[in-house]
Protein chains: 2
Amino acid sequence: MIPFCENPLVTVFDPNRKHNARGEQRQQALLRAAAAVFGRLGYHQTTTNAIAAEAGVSPATLYQFFPNKEAIASALASTYAREMAEAERAIDSEGVLSFTEAVSELIDVCMSFNRKRPEFHTLVVDAPLSSSAREDKQVLGQVFVDFIATRLRRELPTLSRSEAAHHGQVALMIFRGILDELTVASPHARPRLQQAMRNAILRYLIPVLTESKAGRTVKGA
Amino acid sequence: MIPFCENPLVTVFDPNRKHNARGEQRQQALLRAAAAVFGRLGYHQTTTNAIAAEAGVSPATLYQFFPNKEAIASALASTYAREMAEAERAIDSEGVLSFTEAVSELIDVCMSFNRKRPEFHTLVVDAPLSSSAREDKQVLGQVFVDFIATRLRRELPTLSRSEAAHHGQVALMIFRGILDELTVASPHARPRLQQAMRNAILRYLIPVLTESKAGRTVKGA
DNA sequence: CTCCTATGCAAGTAGATACTTGTATTCGAA
DNA sequence: TTCGAATACAAGTATCTACTTGCATAGGAG
(Lines give C-alpha, C1' and ligand atoms only; values in the text may rest on other atoms or scores of the structure.)
Protein backbone atom coordinates (compact mmCIF):
# COMPACT_ATOMS: atom_id res chain seq x y z
CA MET A 1 0.00 0.00 0.00
CA ILE A 2 1.20 3.46 -0.84
CA PRO A 3 1.28 5.70 2.25
CA PHE A 4 -1.07 8.63 1.96
CA CYS A 5 1.54 11.18 2.95
CA GLU A 6 4.98 9.66 3.08
CA ASN A 7 7.52 11.47 5.22
CA PRO A 8 10.43 11.99 2.84
CA LEU A 9 13.98 11.70 4.07
CA VAL A 10 15.73 15.07 4.23
CA THR A 11 18.38 14.73 1.58
CA VAL A 12 18.52 18.35 0.59
CA PHE A 13 18.33 21.76 2.23
CA ASP A 14 15.83 21.90 5.09
CA PRO A 15 15.11 25.32 6.63
CA ASN A 16 14.26 23.70 9.99
CA ARG A 17 17.45 21.74 10.21
CA LYS A 18 19.66 22.38 13.24
CA HIS A 19 23.37 22.85 12.68
CA ASN A 20 26.13 21.83 15.04
CA ALA A 21 29.40 23.71 15.42
CA ARG A 22 30.96 22.05 12.38
CA GLY A 23 27.91 22.91 10.31
CA GLU A 24 27.94 26.55 11.37
CA GLN A 25 31.57 26.79 10.36
CA ARG A 26 30.91 25.16 7.01
CA GLN A 27 28.10 27.60 6.32
CA GLN A 28 30.34 30.56 7.12
CA ALA A 29 33.15 29.07 5.03
CA LEU A 30 30.74 28.65 2.13
CA LEU A 31 29.67 32.29 2.44
CA ARG A 32 33.29 33.43 2.49
CA ALA A 33 34.06 31.26 -0.51
CA ALA A 34 31.01 32.59 -2.34
CA ALA A 35 32.04 36.17 -1.59
CA ALA A 36 35.48 35.51 -3.04
CA VAL A 37 34.19 33.88 -6.22
CA PHE A 38 31.41 36.43 -6.76
CA GLY A 39 34.05 39.13 -6.39
CA ARG A 40 36.31 37.51 -8.95
CA LEU A 41 33.78 36.42 -11.56
CA GLY A 42 30.61 38.42 -10.96
CA TYR A 43 27.25 36.84 -10.23
CA HIS A 44 26.39 35.25 -13.57
CA GLN A 45 29.81 33.71 -14.22
CA THR A 46 29.93 32.20 -10.76
CA THR A 47 28.76 28.59 -10.58
CA THR A 48 27.68 26.77 -7.46
CA ASN A 49 30.32 24.18 -8.29
CA ALA A 50 32.98 26.88 -8.20
CA ILE A 51 31.77 28.08 -4.80
CA ALA A 52 31.88 24.53 -3.44
CA ALA A 53 35.35 24.02 -4.88
CA GLU A 54 36.56 27.31 -3.36
CA ALA A 55 35.27 26.14 0.02
CA GLY A 56 36.84 22.73 -0.49
CA VAL A 57 33.59 20.76 -0.28
CA SER A 58 31.48 18.84 -2.77
CA PRO A 59 28.61 20.56 -4.57
CA ALA A 60 26.16 18.38 -2.64
CA THR A 61 27.44 19.70 0.68
CA LEU A 62 26.66 23.24 -0.39
CA TYR A 63 23.02 22.28 -0.72
CA GLN A 64 22.91 21.09 2.88
CA PHE A 65 23.24 24.72 3.91
CA PHE A 66 21.60 26.72 1.15
CA PRO A 67 18.54 25.89 -0.93
CA ASN A 68 19.95 27.41 -4.11
CA LYS A 69 22.43 29.82 -5.61
CA GLU A 70 20.15 32.80 -5.15
CA ALA A 71 19.95 32.17 -1.41
CA ILE A 72 23.73 32.44 -1.13
CA ALA A 73 23.77 35.73 -2.99
CA SER A 74 20.83 36.95 -0.94
CA ALA A 75 22.44 36.03 2.37
CA LEU A 76 25.58 37.93 1.46
CA ALA A 77 23.71 40.90 0.04
CA SER A 78 21.48 41.14 3.12
CA THR A 79 24.41 41.03 5.50
CA TYR A 80 26.32 43.65 3.57
CA ALA A 81 23.31 45.92 3.13
CA ARG A 82 22.61 45.84 6.86
CA GLU A 83 26.26 46.46 7.72
CA MET A 84 26.48 49.37 5.35
CA ALA A 85 23.21 50.90 6.52
CA GLU A 86 24.49 50.60 10.09
CA ALA A 87 27.72 52.36 9.18
CA GLU A 88 25.77 55.15 7.51
CA ARG A 89 23.49 55.61 10.48
CA ALA A 90 26.52 55.91 12.76
CA ILE A 91 27.81 58.96 10.90
CA ASP A 92 27.79 62.13 12.97
CA SER A 93 25.60 60.74 15.69
CA GLU A 94 26.46 63.78 17.79
CA GLY A 95 25.39 66.11 14.99
CA VAL A 96 28.56 68.19 15.05
CA LEU A 97 29.46 68.01 11.36
CA SER A 98 28.58 70.65 8.82
CA PHE A 99 26.46 69.74 5.81
CA THR A 100 29.46 69.41 3.56
CA GLU A 101 31.43 67.43 6.12
CA ALA A 102 28.55 65.08 6.79
CA VAL A 103 27.86 64.38 3.12
CA SER A 104 31.57 63.89 2.46
CA GLU A 105 31.70 61.44 5.33
CA LEU A 106 28.68 59.59 3.93
CA ILE A 107 30.35 59.28 0.55
CA ASP A 108 33.61 58.11 2.11
CA VAL A 109 31.87 55.50 4.20
CA CYS A 110 30.03 54.12 1.18
CA MET A 111 33.12 54.13 -1.02
CA SER A 112 35.20 52.42 1.66
CA PHE A 113 32.58 49.74 2.11
CA ASN A 114 32.47 49.01 -1.59
CA ARG A 115 36.23 48.75 -1.71
CA LYS A 116 36.29 46.43 1.27
CA ARG A 117 33.55 44.20 -0.19
CA PRO A 118 34.06 44.25 -3.95
CA GLU A 119 31.45 41.53 -4.39
CA PHE A 120 28.73 43.73 -2.92
CA HIS A 121 28.40 45.63 -6.17
CA THR A 122 27.75 42.62 -8.41
CA LEU A 123 25.42 41.12 -5.83
CA VAL A 124 23.09 44.10 -5.66
CA VAL A 125 23.34 44.94 -9.35
CA ASP A 126 23.34 41.57 -11.11
CA ALA A 127 21.93 38.98 -8.73
CA PRO A 128 18.25 38.09 -8.46
CA LEU A 129 17.66 38.48 -4.73
CA SER A 130 15.09 37.02 -2.38
CA SER A 131 12.36 39.41 -1.34
CA SER A 132 13.90 39.94 2.08
CA ALA A 133 17.29 40.69 0.54
CA ARG A 134 15.65 43.09 -1.89
CA GLU A 135 14.07 44.80 1.06
CA ASP A 136 17.41 45.15 2.84
CA LYS A 137 18.85 46.58 -0.33
CA GLN A 138 16.04 49.06 -0.66
CA VAL A 139 16.36 50.05 2.98
CA LEU A 140 20.04 50.69 2.38
CA GLY A 141 19.21 53.04 -0.48
CA GLN A 142 16.61 54.73 1.68
CA VAL A 143 19.12 55.28 4.49
CA PHE A 144 21.42 57.05 2.04
CA VAL A 145 18.59 59.15 0.66
CA ASP A 146 17.20 59.98 4.09
CA PHE A 147 20.61 60.96 5.39
CA ILE A 148 20.93 63.56 2.66
CA ALA A 149 17.29 64.63 2.84
CA THR A 150 17.53 65.17 6.58
CA ARG A 151 20.71 67.19 6.24
CA LEU A 152 19.20 69.31 3.48
CA ARG A 153 16.18 70.10 5.62
CA ARG A 154 18.32 70.86 8.64
CA GLU A 155 20.01 73.57 6.55
CA LEU A 156 16.87 74.72 4.78
CA PRO A 157 13.73 73.85 6.78
CA THR A 158 11.48 75.35 4.12
CA LEU A 159 12.47 72.58 1.71
CA SER A 160 9.61 70.09 1.37
CA ARG A 161 10.20 66.49 2.37
CA SER A 162 9.52 65.25 -1.13
CA GLU A 163 11.93 67.73 -2.70
CA ALA A 164 14.58 66.78 -0.19
CA ALA A 165 14.05 63.08 -0.87
CA HIS A 166 14.25 63.71 -4.60
CA HIS A 167 17.62 65.40 -4.27
CA GLY A 168 18.82 62.58 -2.06
CA GLN A 169 17.81 60.12 -4.75
CA VAL A 170 19.68 62.05 -7.41
CA ALA A 171 22.76 62.12 -5.17
CA LEU A 172 22.49 58.33 -4.91
CA MET A 173 22.30 58.02 -8.69
CA ILE A 174 25.43 60.14 -9.08
CA PHE A 175 27.14 58.03 -6.46
CA ARG A 176 26.29 54.82 -8.28
CA GLY A 177 27.32 56.16 -11.65
CA ILE A 178 30.77 57.12 -10.46
CA LEU A 179 31.08 54.03 -8.25
CA ASP A 180 30.67 51.83 -11.33
CA GLU A 181 33.88 53.29 -12.74
CA LEU A 182 35.61 53.38 -9.40
CA THR A 183 35.28 49.61 -9.08
CA VAL A 184 37.21 49.08 -12.32
CA ALA A 185 39.56 52.06 -12.13
CA SER A 186 43.30 51.59 -11.73
CA PRO A 187 44.62 52.33 -8.21
CA HIS A 188 46.42 55.32 -9.66
CA ALA A 189 43.20 56.86 -10.96
CA ARG A 190 41.19 56.26 -7.81
CA PRO A 191 41.97 59.29 -5.61
CA ARG A 192 41.07 61.68 -8.40
CA LEU A 193 37.78 59.88 -8.99
CA GLN A 194 36.99 59.91 -5.29
CA GLN A 195 37.47 63.65 -5.25
CA ALA A 196 35.31 63.92 -8.37
CA MET A 197 32.62 61.95 -6.56
CA ARG A 198 32.57 64.41 -3.67
CA ASN A 199 32.58 67.37 -6.03
CA ALA A 200 29.82 66.00 -8.23
CA ILE A 201 27.46 65.28 -5.35
CA LEU A 202 28.17 68.41 -3.32
CA ARG A 203 28.00 70.69 -6.32
CA TYR A 204 24.63 69.17 -7.13
CA LEU A 205 23.30 69.56 -3.59
CA ILE A 206 24.64 72.91 -2.46
CA PRO A 207 22.66 75.00 -4.98
CA VAL A 208 19.54 73.38 -3.55
CA LEU A 209 20.37 75.20 -0.33
CA THR A 210 21.52 78.50 -1.75
CA GLU A 211 19.24 79.08 -4.71
CA SER A 212 15.73 80.31 -4.02
CA LYS A 213 12.79 78.71 -5.79
CA ALA A 214 12.89 81.47 -8.41
CA GLY A 215 16.28 80.33 -9.70
CA ARG A 216 16.09 76.58 -9.27
CA THR A 217 17.80 75.66 -12.51
CA VAL A 218 21.25 76.40 -13.78
CA LYS A 219 21.57 79.69 -15.55
CA GLY A 220 23.01 79.98 -19.06
CA ALA A 221 26.74 80.65 -19.36
CA MET B 1 40.61 7.30 -49.10
CA ILE B 2 40.07 10.17 -46.75
CA PRO B 3 40.60 13.53 -48.48
CA PHE B 4 43.42 15.53 -46.97
CA CYS B 5 41.37 18.70 -46.68
CA GLU B 6 37.71 18.04 -47.39
CA ASN B 7 35.69 21.03 -48.46
CA PRO B 8 32.79 20.99 -46.00
CA LEU B 9 29.32 21.97 -47.13
CA VAL B 10 28.23 25.27 -45.68
CA THR B 11 25.46 24.27 -43.34
CA VAL B 12 25.97 27.02 -40.84
CA PHE B 13 26.92 30.68 -40.83
CA ASP B 14 29.57 31.53 -43.41
CA PRO B 15 31.04 35.04 -43.34
CA ASN B 16 31.75 34.90 -47.10
CA ARG B 17 28.25 33.94 -48.05
CA LYS B 18 26.39 36.25 -50.42
CA HIS B 19 22.83 37.22 -49.59
CA ASN B 20 20.07 37.87 -52.05
CA ALA B 21 17.25 40.35 -51.49
CA ARG B 22 15.22 37.91 -49.41
CA GLY B 23 18.26 37.15 -47.29
CA GLU B 24 18.99 40.81 -46.65
CA GLN B 25 15.43 41.32 -45.55
CA ARG B 26 15.55 38.30 -43.25
CA GLN B 27 18.73 39.57 -41.67
CA GLN B 28 17.17 42.98 -41.03
CA ALA B 29 14.01 41.34 -39.72
CA LEU B 30 16.10 39.23 -37.36
CA LEU B 31 17.88 42.34 -36.10
CA ARG B 32 14.57 44.09 -35.55
CA ALA B 33 13.21 41.06 -33.76
CA ALA B 34 16.34 40.82 -31.62
CA ALA B 35 16.07 44.49 -30.72
CA ALA B 36 12.49 43.98 -29.60
CA VAL B 37 13.24 40.92 -27.48
CA PHE B 38 16.43 42.36 -25.98
CA GLY B 39 14.42 45.44 -25.05
CA ARG B 40 11.71 43.37 -23.38
CA LEU B 41 13.83 40.79 -21.58
CA GLY B 42 17.36 42.15 -21.37
CA TYR B 43 20.39 40.40 -22.81
CA HIS B 44 20.70 37.39 -20.52
CA GLN B 45 17.03 36.43 -20.51
CA THR B 46 16.80 36.65 -24.28
CA THR B 47 17.24 33.31 -26.05
CA THR B 48 18.15 32.82 -29.67
CA ASN B 49 15.00 30.73 -29.98
CA ALA B 50 12.93 33.69 -28.80
CA ILE B 51 14.56 35.95 -31.37
CA ALA B 52 13.84 33.45 -34.13
CA ALA B 53 10.26 33.09 -32.95
CA GLU B 54 9.81 36.88 -32.85
CA ALA B 55 11.06 37.05 -36.42
CA GLY B 56 8.80 34.16 -37.41
CA VAL B 57 11.62 31.87 -38.54
CA SER B 58 13.15 28.69 -37.22
CA PRO B 59 16.20 28.82 -34.94
CA ALA B 60 18.27 27.24 -37.70
CA THR B 61 17.50 30.10 -40.07
CA LEU B 62 18.88 32.58 -37.60
CA TYR B 63 22.24 30.82 -37.80
CA GLN B 64 22.35 31.32 -41.54
CA PHE B 65 22.79 35.03 -40.89
CA PHE B 66 24.63 35.26 -37.60
CA PRO B 67 27.33 33.00 -36.19
CA ASN B 68 26.04 33.24 -32.63
CA LYS B 69 24.00 35.22 -30.16
CA GLU B 70 26.84 37.59 -29.36
CA ALA B 71 27.13 38.61 -33.00
CA ILE B 72 23.51 39.73 -33.01
CA ALA B 73 24.00 41.83 -29.92
CA SER B 74 27.24 43.18 -31.33
CA ALA B 75 25.69 44.11 -34.65
CA LEU B 76 22.92 46.03 -32.90
CA ALA B 77 25.24 47.66 -30.41
CA SER B 78 27.65 48.76 -33.16
CA THR B 79 24.88 50.26 -35.24
CA TYR B 80 23.42 52.12 -32.31
CA ALA B 81 26.78 53.32 -31.06
CA ARG B 82 27.65 54.73 -34.48
CA GLU B 83 24.24 56.35 -34.85
CA MET B 84 24.47 57.97 -31.46
CA ALA B 85 28.03 59.15 -31.99
CA GLU B 86 26.92 60.66 -35.29
CA ALA B 87 24.05 62.47 -33.58
CA GLU B 88 26.42 63.83 -30.96
CA ARG B 89 28.88 65.06 -33.55
CA ALA B 90 26.10 66.89 -35.34
CA ILE B 91 25.32 69.04 -32.32
CA ASP B 92 26.04 72.73 -32.80
CA SER B 93 28.05 72.23 -35.96
CA GLU B 94 27.89 75.99 -36.52
CA GLY B 95 29.25 76.63 -33.03
CA VAL B 96 26.54 79.10 -32.06
CA LEU B 97 25.47 77.55 -28.77
CA SER B 98 26.74 78.63 -25.38
CA PHE B 99 28.50 76.14 -23.13
CA THR B 100 25.38 75.45 -21.11
CA GLU B 101 23.20 75.18 -24.19
CA ALA B 102 25.59 72.84 -25.93
CA VAL B 103 25.95 70.53 -22.95
CA SER B 104 22.20 70.53 -22.42
CA GLU B 105 21.73 69.62 -26.05
CA LEU B 106 24.26 66.80 -25.71
CA ILE B 107 22.40 65.41 -22.72
CA ASP B 108 19.06 65.70 -24.49
CA VAL B 109 20.35 63.93 -27.58
CA CYS B 110 21.73 61.08 -25.51
CA MET B 111 18.60 60.74 -23.40
CA SER B 112 16.35 60.79 -26.46
CA PHE B 113 18.41 58.11 -28.12
CA ASN B 114 18.19 55.84 -25.12
CA ARG B 115 14.44 56.31 -24.97
CA LYS B 116 14.08 55.59 -28.66
CA ARG B 117 16.23 52.44 -28.42
CA PRO B 118 15.55 50.97 -24.98
CA GLU B 119 17.55 47.87 -25.87
CA PHE B 120 20.73 49.89 -26.34
CA HIS B 121 21.24 50.09 -22.61
CA THR B 122 21.14 46.36 -21.91
CA LEU B 123 23.29 45.67 -24.96
CA VAL B 124 26.17 47.89 -23.92
CA VAL B 125 25.89 47.10 -20.22
CA ASP B 126 25.10 43.37 -20.09
CA ALA B 127 26.10 41.83 -23.41
CA PRO B 128 29.54 40.44 -24.16
CA LEU B 129 30.42 42.25 -27.36
CA SER B 130 32.79 41.48 -30.19
CA SER B 131 35.99 43.47 -30.20
CA SER B 132 34.77 45.70 -33.00
CA ALA B 133 31.52 46.40 -31.17
CA ARG B 134 33.47 47.13 -28.01
CA GLU B 135 35.50 49.60 -30.00
CA ASP B 136 32.41 51.34 -31.35
CA LYS B 137 31.09 51.53 -27.82
CA GLN B 138 34.32 53.03 -26.57
CA VAL B 139 34.39 55.51 -29.42
CA LEU B 140 30.89 56.56 -28.47
CA GLY B 141 32.02 57.27 -24.93
CA GLN B 142 35.00 59.15 -26.26
CA VAL B 143 32.80 61.33 -28.44
CA PHE B 144 30.77 62.30 -25.39
CA VAL B 145 33.91 63.01 -23.37
CA ASP B 146 35.57 64.95 -26.18
CA PHE B 147 32.49 67.04 -26.77
CA ILE B 148 32.56 68.23 -23.20
CA ALA B 149 36.34 68.53 -23.05
CA THR B 150 36.38 70.66 -26.19
CA ARG B 151 33.64 72.91 -24.87
CA LEU B 152 35.42 73.31 -21.55
CA ARG B 153 38.64 74.32 -23.27
CA ARG B 154 36.81 76.69 -25.56
CA GLU B 155 35.58 78.54 -22.46
CA LEU B 156 38.82 78.18 -20.51
CA PRO B 157 41.80 77.65 -22.81
CA THR B 158 44.19 77.41 -19.86
CA LEU B 159 42.58 74.13 -18.83
CA SER B 160 44.86 71.23 -19.73
CA ARG B 161 43.65 68.60 -22.13
CA SER B 162 43.89 65.86 -19.54
CA GLU B 163 41.95 67.86 -16.96
CA ALA B 164 39.28 68.62 -19.51
CA ALA B 165 39.04 64.96 -20.50
CA HIS B 166 38.80 63.95 -16.87
CA HIS B 167 35.85 66.24 -16.29
CA GLY B 168 34.22 64.93 -19.45
CA GLN B 169 34.60 61.41 -18.11
CA VAL B 170 33.03 62.35 -14.81
CA ALA B 171 30.14 63.96 -16.66
CA LEU B 172 29.66 60.70 -18.53
CA MET B 173 29.60 58.75 -15.26
CA ILE B 174 26.96 61.08 -13.87
CA PHE B 175 24.98 60.67 -17.07
CA ARG B 176 25.10 56.90 -16.85
CA GLY B 177 24.21 56.82 -13.17
CA ILE B 178 21.06 58.87 -13.69
CA LEU B 179 20.25 57.16 -16.99
CA ASP B 180 20.08 53.81 -15.19
CA GLU B 181 17.17 55.13 -13.14
CA LEU B 182 15.64 56.99 -16.05
CA THR B 183 15.23 53.75 -17.97
CA VAL B 184 13.09 52.25 -15.20
CA ALA B 185 11.37 55.42 -13.98
CA SER B 186 7.63 55.90 -14.39
CA PRO B 187 6.66 58.32 -17.17
CA HIS B 188 5.40 60.70 -14.52
CA ALA B 189 8.80 60.87 -12.81
CA ARG B 190 10.81 61.28 -16.00
CA PRO B 191 10.75 65.04 -16.65
CA ARG B 192 11.97 65.78 -13.15
CA LEU B 193 14.81 63.28 -13.53
CA GLN B 194 15.75 64.75 -16.88
CA GLN B 195 16.02 68.17 -15.29
CA ALA B 196 18.04 66.65 -12.45
CA MET B 197 20.38 65.15 -15.05
CA ARG B 198 21.02 68.54 -16.60
CA ASN B 199 21.49 70.16 -13.20
CA ALA B 200 23.84 67.47 -11.94
CA ILE B 201 26.13 67.60 -14.94
CA LEU B 202 26.14 71.36 -15.40
CA ARG B 203 26.61 72.05 -11.72
CA TYR B 204 29.57 69.71 -11.79
CA LEU B 205 31.11 71.31 -14.88
CA ILE B 206 30.51 75.01 -14.40
CA PRO B 207 32.74 75.39 -11.32
CA VAL B 208 35.55 73.97 -13.44
CA LEU B 209 35.23 77.11 -15.53
CA THR B 210 34.67 79.66 -12.78
CA GLU B 211 36.90 78.45 -9.97
CA SER B 212 40.61 79.17 -10.21
CA LYS B 213 43.10 76.42 -9.47
CA ALA B 214 43.45 77.70 -5.90
CA GLY B 215 39.85 76.84 -5.06
CA ARG B 216 39.30 73.68 -7.07
CA THR B 217 37.28 71.80 -4.49
CA VAL B 218 33.99 72.58 -2.86
CA LYS B 219 34.25 74.82 0.16
CA GLY B 220 32.83 73.79 3.53
CA ALA B 221 29.30 74.94 4.34
C1' DC C 1 26.64 1.66 23.84
C1' DT C 2 22.74 3.17 20.99
C1' DC C 3 20.35 5.69 18.01
C1' DC C 4 19.02 9.67 15.79
C1' DT C 5 20.53 13.41 13.27
C1' DA C 6 23.91 16.24 11.04
C1' DT C 7 27.64 16.11 7.91
C1' DG C 8 29.78 14.69 3.64
C1' DC C 9 30.36 13.19 -1.07
C1' DA C 10 30.61 10.27 -5.59
C1' DA C 11 27.97 10.00 -9.02
C1' DG C 12 24.59 11.13 -10.83
C1' DT C 13 19.74 13.70 -13.12
C1' DA C 14 17.04 17.39 -15.33
C1' DG C 15 16.27 21.03 -17.88
C1' DA C 16 17.60 24.80 -20.44
C1' DT C 17 19.62 26.73 -24.49
C1' DA C 18 23.14 27.70 -27.86
C1' DC C 19 23.97 25.72 -31.86
C1' DT C 20 23.88 21.60 -36.12
C1' DT C 21 22.54 18.27 -39.28
C1' DG C 22 20.26 16.70 -43.26
C1' DT C 23 17.19 17.78 -46.55
C1' DA C 24 13.71 20.24 -49.13
C1' DT C 25 12.69 24.44 -51.59
C1' DT C 26 13.37 28.90 -53.93
C1' DC C 27 16.03 32.19 -56.45
C1' DG C 28 18.49 33.99 -60.13
C1' DA C 29 21.92 34.00 -63.51
C1' DA C 30 23.51 31.72 -67.72
C1' DT D 1 15.42 25.42 -68.69
C1' DT D 2 19.01 24.31 -65.75
C1' DC D 3 21.90 24.22 -62.00
C1' DG D 4 24.54 25.96 -58.29
C1' DA D 5 23.94 28.80 -54.42
C1' DA D 6 20.96 30.82 -51.00
C1' DT D 7 17.06 30.15 -48.05
C1' DA D 8 14.34 27.49 -44.83
C1' DC D 9 13.31 24.30 -41.22
C1' DA D 10 12.16 19.85 -38.51
C1' DA D 11 14.40 17.57 -35.59
C1' DG D 12 17.78 17.06 -33.54
C1' DT D 13 22.80 17.26 -30.46
C1' DA D 14 26.12 18.97 -27.05
C1' DT D 15 27.06 21.09 -23.17
C1' DC D 16 26.60 23.45 -19.18
C1' DT D 17 25.07 23.97 -14.60
C1' DA D 18 21.81 24.04 -10.95
C1' DC D 19 20.48 20.73 -8.19
C1' DT D 20 19.48 15.32 -6.20
C1' DT D 21 20.05 10.69 -4.87
C1' DG D 22 21.80 7.07 -2.13
C1' DC D 23 24.84 5.87 1.00
C1' DA D 24 28.72 6.23 4.32
C1' DT D 25 30.64 8.51 8.43
C1' DA D 26 30.81 11.46 12.62
C1' DG D 27 28.99 13.22 16.94
C1' DG D 28 26.32 14.23 20.69
C1' DA D 29 22.25 13.16 23.99
C1' DG D 30 20.41 9.51 26.73
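The values are calculated or read from the model by the stated rules, or taken from the named source; none is laboratory data. Predicted model only: the values in this text are computed from it and were never measured. Cβ sites come from the backbone with ideal geometry, for glycine too, and all protein chains shown count toward neighbours. Surface accessibility is based on the protein's heavy atoms, side chains included, excluding ligands, DNA and RNA. Shrake-Rupley method; radii C 1.70, N 1.55, O 1.52, S 1.80 Å.
Each part reduced to its alpha carbon centroid, the range A:113-127 and the range B:22-51 end up 31 Å apart.
Taking a ≥ b ≥ c as the square roots of the eigenvalues of the alpha-carbon gyration tensor, the range A:102-143 is classed oblate because a/c is 1.5 or more while a/b is no larger than b/c. Rounded if a/c is under 1.5, else prolate if a/b is larger than b/c, else oblate: which is the range B:72-194, with a ≥ b ≥ c the root eigenvalues of its Cα gyration tensor? Note, shape of the range B:72-194 comes out oblate.
Mean per-residue shielding of peptide B:192-201 is 5, counting Cβ atoms of other chains within 10 Å of each Cβ. Evaluating 6.51 cos²θ - 1.76 cosθ + 1.60 at θ = phi - 60° for every residue in the range A:91-106, the Karplus couplings come out as 5, 6, 5, 7, x, 9, 7, 6, 4, 4, 5, 5, 5, 4, 5, 4 Hz, glycine and proline recorded as x. Projecting 7 Å from Cα along the Cα-to-Cβ direction, the label point of A:Glu83 sits 4.4 nm from its equivalents in the other copies, listed shortest first. Distance from the axis that maps chain A onto chain B is least for the Cβ of the chain A residue given, with the whole Å value, as A:Gly177, 1. The HN-Hα couplings worked out from phi for the range A:68-78 by the Karplus form 6.51 cos²θ - 1.76 cosθ + 1.60 (θ = phi - 60°) are 6, 4, 4, 5, 5, 4, 5, 4, 5, 4, 4 Hz, whole numbers, x standing for Gly and Pro. Rolled with a 1.4 Å probe across the full set of protein chains, the surface gives A:Ile174 an accessible area near 0 Å². Considering only alpha-carbon pairs that sit under 8 angstrom and 6 or more positions apart, the relative contact order computed for the range B:131-204 is 25 percent.
Tell me whether the protein assembly as shown comes out rounded, prolate or oblate; compute the Cα gyration tensor, take square roots of the eigenvalues as a ≥ b ≥ c, and use a/c under 1.5 as the rounded threshold. Cα axes put the protein assembly as shown in the oblate bin. For A:Leu97, nonlocal amide neighbours, meaning residues 5 or more places apart or on other chains whose placed amide H falls under 5 Å from its own, do not occur.
Considering only A:Gly177, B:Ser130, B:Ile201, and ranking their Cα positions along the charge dipole of the protein assembly as shown that arises from unit charges at the beta-carbon of Lys, Arg, Asp and Glu, the one farthest toward the positive end is B:Ile201. Between copies, the label points at B:Gln142 (set 7 angstrom from Cα along Cα-to-Cβ) are spaced 4.6 nm, reported in nanometres from shortest to longest. Summarised in one figure, the compactness ratio Rg/Rh of chain B, Cα atoms and Kirkwood Rh, is 1.11. Close Lys pairs in the protein assembly as shown (alpha-carbon distance under 21 Å; sequence gap of 8 or more, or different chains): 7. To the nearest 10 square angstrom, what accessible area does B:Leu31 show with a 1.4 Å probe? The accessible area of B:Leu31 comes to roughly 30 Å². Rolling a 1.4 angstrom probe over the protein assembly as shown with all protein chains present gives an accessible area of which 52% lies on carbon and sulfur atoms.
Each residue of the range B:137-153 was assigned a 3J(HN,Hα) from its phi angle through the Karplus curve 6.51 cos²θ - 1.76 cosθ + 1.60 (θ = phi - 60°); the sequence is 5, 5, 4, 4, x, 5, 4, 4, 4, 5, 4, 5, 4, 4, 5, 4, 6 Hz, with glycine and proline shown as x.
For A:Ser112, the point set 7 Å out from Cα toward Cβ sits 4.6 nm from its twins in the other copies, listed from shortest up.
Note on B:Asp146: accessible area is roughly 70 Å² with a 1.4 Å probe, heavy atoms of protein only. Scanning residues 5 or more positions from A:Ile91 or on other chains, none has an amide H under 5 Å from its amide H, with H placed 1.01 Å from N in the peptide plane. Counting only other chain Cβ atoms within 10 Å of each residue's Cβ, the peptide A:160-170 averages 2. The alpha carbon centroids of the range B:76-99 and the range A:183-203 are separated by 27 Å.
Per-residue ellipticity at 222 nm, computed for chain B from helices alone with -39500 (n - 2.57) per DSSP H run of at least four residues, works out to -23500 deg cm²/dmol. Put A:His44, B:His167, B:His19 in order of accessible area, highest first, and with a 1.4 Å probe you get A:His44, B:His19, B:His167. Look at the alpha carbon pairs under 8 Å that are at least 6 residues apart: their mean separation over the length of chain B gives a relative contact order of 19 percent. Dipole check for the protein assembly as shown: with +1 at the C-beta of Lys and Arg, -1 at the C-beta of Asp and Glu, and the Cα centre as origin, the magnitude is about 380 Debye.
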